[in-house]
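Visitor: Below you'll find the structure I mean.
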Amino acid sequence: MKNMAKLAAVLATAFLFAGAAEAQETIRLGVSFYPFHSADDTKPDILDTIAPELSAEGYRVEKTVFLNYAEANPALAHGEIDGNLIQHELYMDIFNDRAGAELAIAQPVYHATFALYSGTYSDLNAIPDGETVFIPNDGVNTARALLLLQSAGLVTLREGATYRASLADITGNPRNLKFVQLPLTATAGAYDEAGRTLAVMYPTFARSLELEGDAERLYVEERNDITDRYAISFVVNAKDLDDPKTKAVAQALRSDAVAEFLKEDYGWASTPAR
């Protein structure tokens, strides 16, 4: 009889937990790259870090991985996911303009360490006339690369050229640098094949060449009012900014646990934005 009572108690507890799990509301988040998505299942990411806090609030995180990060915003705008973690404010603004969407920043998370890399030159002054620089080819990151090169004193842009700067806005190029524009995901490979001369890259892609920390960083982007808008952020549809799910995720992303994760696991590539 005692064994039957114990079995009944165990079954009751199991059903209780099953019911609690079923009661959790799902939050669908689009991701593309580390630290929000890890290709190695044994390596935790930021969403793994905030899952316990969200679970305590009654939410379960469901990841949608986009191999092409450009697909994450259309999916969000069409309501296929509840939010994404693939972009900064300026990329979002351009998408909104082009697609007639109304996406909004719910919470900045971190600033990626954008840099000019070189395995050939150890000093900006050593760059010779006519050298090739690999830069991203999407509009917002082309502008960011050119602003970085201007900050480094390698080019001059026309007055007022900032977030939408293009190669046509270069008014001064004293080293006669040659620019090759490539998709973000292809820049590291091209840089490596060319003998690691010069490339403007994000650390996420430089890592594919086993470059971490300051390795081969010739010049690092300065933090200022312009570059602060490049923080990788949690983005939702504007109408959902006050949704309890949005607020729960935003609060979790502001937690000490996330700040510690960024410091310990991604400090070589970022600084927290909060």
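The values are calculated or read from the model by the stated rules, or taken from the named source; none is laboratory data. Remember, predicted model here, so these are calculated numbers, not experimental data. Backbone-built Cβ (ideal geometry, glycine too); neighbour counts: all protein chains shown. Surface areas here come from the heavy atoms of the whole protein model, side chains and all, with no ligands, DNA or RNA. Shrake-Rupley method; radii C 1.70, N 1.55, O 1.52, S 1.80 Å.
Visitor: Pop out the carbon and sulfur fraction of the accessible area of region 169-274 as a percent, whole number, probe 1.4 Å.
Guide: Numbers: 2390 of 5120 Å².
Carbon and sulfur atoms account for 47 percent of the accessible area of region 169-274.
Visitor: If you average the C-alpha positions of region 96-161 and of region 201-274 separately, how far apart do those two centres end up, in angstrom?
Guide: Each part's Cα centre sits 17 Å from the other's.
Visitor: While we're looking at this one, here's another question. Fully extended, how many nm does the chain gain between Arg158 and Glu264 (0.36 nm per residue separation, minus their Cα-Cα distance)? Each step should come with its number before you reach the end.
Guide: Details: separation 106, 0.36 × 106 = 38.16 nm, distance 4.00 nm.
My answer for the length gained is 34.2 nm.
Visitor: Also, I was wondering about something else. Over region 115-220, what is the relative contact order in whole percent, taking alpha-carbon pairs under 8 Å and six or more residues apart? List each step's numbers first, then the result.
Guide: Details: 185 pairs, mean separation 46.9, N = 106.
About 44 percent, as a whole number.
Visitor: Also, quick follow-up: Using 0.36 nm per residue of separation minus the Cα-Cα distance, give me the extension gain between Gln24 and His78 in nm, one decimal.
Guide: Values: separation 54, 0.36 × 54 = 19.44 nm, distance 2.33 nm.
Full extension of this stretch gives 17.1 nm more.
Visitor: Report the label-to-label distance for Leu167 and Ala126 in nanometres (one decimal), using points 7 Å from each Cα along the Cα→Cβ vector.
Guide: 2.7 nm
Visitor: Here's a follow-up. With n ≥ 4 as the cut-off for DSSP H runs, can you work out [θ] at 222 nm for the chain, using -39500 (n - 2.57) per run divided by the number of residues, rounded to the nearest 500?
Guide: Working: 9 runs with 97 residues, N = 274.
The helix-only estimate for the chain comes to -10500 deg cm²/dmol at 222 nm.
Visitor: Using the Kirkwood radius over C-alpha pairs as Rh, can you work out the diffusion coefficient of the chain via Stokes-Einstein at 10 °C, viscosity 1.306 mPa s, in µm² per second? Present the calculation step by step, with values, prior to reporting the outcome.
Guide: Numbers: Rh = 20.5 Å.
D = 77 µm²/s.
Visitor: Among DSSP beta bridges whose residues both lie in region 115-220, state the antiparallel percentage, nearest 5. List each step's numbers first, then the result.
Guide: On the way: 8 of 14 bridges.
Of all bridge pairs located within region 115-220, approximately 55 percent are antiparallel.
Visitor: Pull up the DSSP beta bridges for the chain and report the antiparallel fraction as a percent, rounded to 5. Before the final figure, lay out each step's value.
Guide: Numbers: 19 of 34 bridges.
Of the beta bridges lying entirely in the chain, close to 55 percent run antiparallel.
Visitor: A follow-up question, please. For a quick size check, give me the Cα extents of region 151-230 along its three principal axes, largest first, whole Å.
Guide: So the extents along the principal axes, rounded to whole Å, are 37, 29, 21.
Visitor: Distance check, please: which entries in Lys43/Lys63; Lys63/Lys245; Lys43/Lys263; Lys63/Lys247 exceed 21 angstrom between their Cα atoms?
Guide: Numbers: Lys43/Lys63 15 Å; Lys63/Lys245 15 Å; Lys43/Lys263 16 Å; Lys63/Lys247 18 Å.
Those over the limit do not exist; all pairs fall within it.
Visitor: Can you compute the modelled spin-label distance between Gln181 and Glu222, with each label point 7 Å from Cα toward Cβ, in nm?
Guide: For the pair Gln181/Glu222, the computed spacing is 2.5 nm.
Visitor: Sticking with this structure for a sec: Whole number in Å², please: accessible area per residue of the chain, 1.4 Å probe, ligands, DNA and RNA not counted.
Guide: Numbers: 13470 Å² over 274 residues.
That works out to 49 Å² per residue.
Visitor: Could you list which residues have their amide H under 5 Å from that of Tyr117, counting only those 5 or more apart in sequence or on another chain, with H placed in the peptide plane?
Guide: Ala199, Val200, Met201, Leu218
Visitor: Pick out, in residue order, every one of the trypsin sites (Lys or Arg not before Pro) in region 105-166 that is DSSP loop and has at most 16 other C-beta atoms within 10 Å; say none if there are none.
Guide: Numbers: sites: Arg144, Arg158, Arg164; in loops: Arg158, Arg164.
Loop-located and lightly packed - Arg158, Arg164.
Visitor: Can you divide the C-alpha Rg of region 18-127 by 2.2 N^0.38 Å and report the result to two decimal places?
Guide: On the way: Rg = 17.8 Å, N = 110, 2.2 N^0.38 = 13.1 Å.
Computed over Cα atoms of region 18-127, the ratio equals 1.35.
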